[in-house]
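Some notes on the structure that comes next.
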Amino acid sequence: MTIHIHNTLTQKKEEFKPVTPGEVRMYVCGPTVYNLVHVGNMRGPIFFNTVRNFLVHRGYKVTYIYNFTDVDDRIIAKSIEEKIPASDVSEKYIAEFKKDYARLAIGPHDANPKVTEHIPEIVNMIQRMVDRGVAYVVDDGEVLCAIDKVPGYGKLSHKQVDELIAGARVEIGSHKRNPLDFTLWKPAKPGEPKWPSPWCDGRPGWHIECSAMAEKFLGNTVDIHGGGIDLIFPHHENEVAQSECANNAPFVNYWMHNNFINMGKEKMSKSLGNIMLARNFMDEFNSEILKFWLLKNGNNDAISFVC
């Protein structure tokens, strides 16, 4: 019996055929570690663990990579708030995530790469893009991806570039050649974490990290890439642009996205302040109830939750 997957890229159900027969390479975007995870953050880990288990049950050898974003504006802001180094913030919340994840009693990932441990791979990928004319360096050392050099930009999110440009905002003094050009490497501000690069001392942009880590652990082409539906644009769209321009190869064959969890009629999110922490749910109810509740709903449906 064949397996069919709904592919975000084609918006169709397709027969699943991995690059290497009998093996599946899967990458799922993990958390940015600046706070405790809420119930909505657990939908992805629970759902994609089920995908992994199903594939293993069907006889596939699965390599499952789930990353931690451990350098980010929000982590830096938290470090200022708590008056501790940004690295201490990220390590603190990685440890807290692992505590919550352990309570779910689901399988471990094959690797949990951190951005800060893969700066050389990130710099290498950016350099390849610069060398191929897909990225450009501006005066302060910032490196940007030139989206007009990216064939088929918008194909994952099914967005029209002209419409995106019309609605884009460009900051005053921006060095962008196109309003949609996005940052690959940014110069560090005073007191921020930074690493050396050919362009300036700085840190990676958000999107490049997953492209570089997926390449390191899974090669140029990934069988399944997963994440929340909110990541389709711009994060995953930009991952496609980076990886395919750097490697001249298809980045992902099957894209899978889980939908939101709603608190009442609004998306559950830290920014809206309507969250329920995963650990609080498990304290009040049970981790098995959390898994059942998230899995019994269709993965493409938004789940409404009333506390």
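The values are calculated or read from the model by the stated rules, or taken from the named source; none is laboratory data. Note that the structure is a prediction, hence the values are computed from the model and not measured. Because the Cβ atoms are built from the backbone with ideal geometry, glycine has one as well, and the counts that use them run over all protein chains shown. With ligands, DNA and RNA removed, areas are computed over all heavy atoms of the protein, side chains included. Shrake-Rupley method; radii C 1.70, N 1.55, O 1.52, S 1.80 Å.
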Sole exception among (1) modelled with pLDDT of 95 or more; (2) under 27 Å from Pro31 (Cβ atoms); (3) out of contact with any helix residue (DSSP H, G or I) (no Cβ under 6 Å at 6 or more places or on another chain) for Ile229, by number
(1)
Select from the range 7-40 the residues that are over 26 Å from Lys114 (Cα atoms), in a strand (DSSP E or B) and more than 19 Å from the chain's Cα centre (by Cα) and list them in ascending order.
Lys12, Lys13, Glu14, Glu15
Cβ pairs under 8 Å, 6+ apart or interchain, first in the range 275-296 and closer than 12 Å to Phe47 by Cα, second not β-branched (Val, Ile, Thr) and not in a helix (DSSP H, G or I), ordered by first then second residue, are Leu290/Leu104; Lys291/Leu104
Residue in the range 89-104 that is part of a loop (DSSP other than H, G, I, E, B) and out of contact with any Leu (no Cβ under 9 Å at 6 or more places or on another chain) present
no
Pairs where the first residue, in the range 1-30, is without any contact (Cβ under 8 Å) to a residue 24 or more places away in the chain and the second is hydroxyl-bearing (Ser, Thr, Tyr), C-beta under 7 Å, 6+ apart
Glu15/Thr2
If you check Ile46 against the conditions, is it farther than 25 Å from Pro187 by Cα, touching a residue at least 40 places away in the same chain (Cβ under 8 Å) and part of a loop (DSSP other than H, G, I, E, B)?
no
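Can you pull out the residues in the range 69-84 that are free of Cβ contacts under 8 Å to residues at least 60 places away in the same chain and not in a helix (DSSP H, G or I)?
Step one: filter the range 69-84 for residues free of Cβ contacts under 8 Å to residues at least 60 places away in the same chain, giving 70, 73-75, 77-84.
Within the range 69-84, Asp70, Lys83, Ile84 meet the criteria.
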If a residue must be within 29 Å of Asn247 (Cβ to Cβ) and without any contact (Cβ under 8 Å) to a residue 24 or more places away in the chain, how many such residues does the range 100-127 contain?
3
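Return a yes/no flag: does the range 56-68 have any residue that is closer than 20 Å to Gly228 by Cβ, in contact with a strand residue (DSSP E or B) (Cβ under 6 Å, 6 or more places away or on another chain), at pLDDT 95 or above and not in a strand (DSSP E or B). Give the steps one after another, and end with the answer.
Filtering the range 56-68 for residues closer than 20 Å to Gly228 by Cβ gives 64-68.
Remaining after also requiring in contact with a strand residue (DSSP E or B) (Cβ under 6 Å, 6 or more places away or on another chain): 64-66, 68.
Add one more test, that the residue is at pLDDT 95 or above, and what stays is 64-66, 68.
Retained after the next criterion (residues that are not in a strand (DSSP E or B)): none.
For the range 56-68, residues closer than 20 Å to Gly228 by Cβ, in contact with a strand residue (DSSP E or B) (Cβ under 6 Å, 6 or more places away or on another chain), at pLDDT 95 or above and not in a strand (DSSP E or B): absent.
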If you go through the range 207-238 one residue at a time, how many are more than 10 Å from the chain's Cα centre (by Cα), polar (S, T, N, Q) and in a helix (DSSP H, G or I)?
1
Yes or no: the range 98-110 includes at least one residue that is of a type in the set (A, V, I, L, M, F, W, C), on the phi < 0 side of the Ramachandran plot and touching an Asp or Glu at 6+ places or on another chain (Cβ under 7 Å).
no
Please determine whether any residue of the range 49-62 is within 15 Å of Val252 (Cβ to Cβ) and either more than 19 Å from the chain's Cα centre (by Cα) or of a type in the set (Phe, Trp, Tyr) (or both).
no
Kindly indicate whether any position in the range 241-257 is farther than 27 Å from Asp139 by Cβ, open to solvent by 20 Å² or more (accessible area, probe 1.4 Å) and assigned to a strand (DSSP E or B).
yes
List, please: which pairs have Cβ atoms under 6 Å, are six or more places apart or on different chains, and start with a residue in the range 231-246 that is small (Gly, Ala, Ser) and end with one that is open to solvent by 10 Å² or more (accessible area, probe 1.4 Å)?
Ala241/Val150; Ala241/Tyr153; Ala246/Arg128
Among the listed residues Asn300, Asn274, Asn262, identify the single one that is open to solvent by 10 Å² or more (accessible area, probe 1.4 Å), within 21 Å of Val33 (Cα to Cα) and either modelled with pLDDT under 95 or not in a helix (DSSP H, G or I) (or both).
Asn274
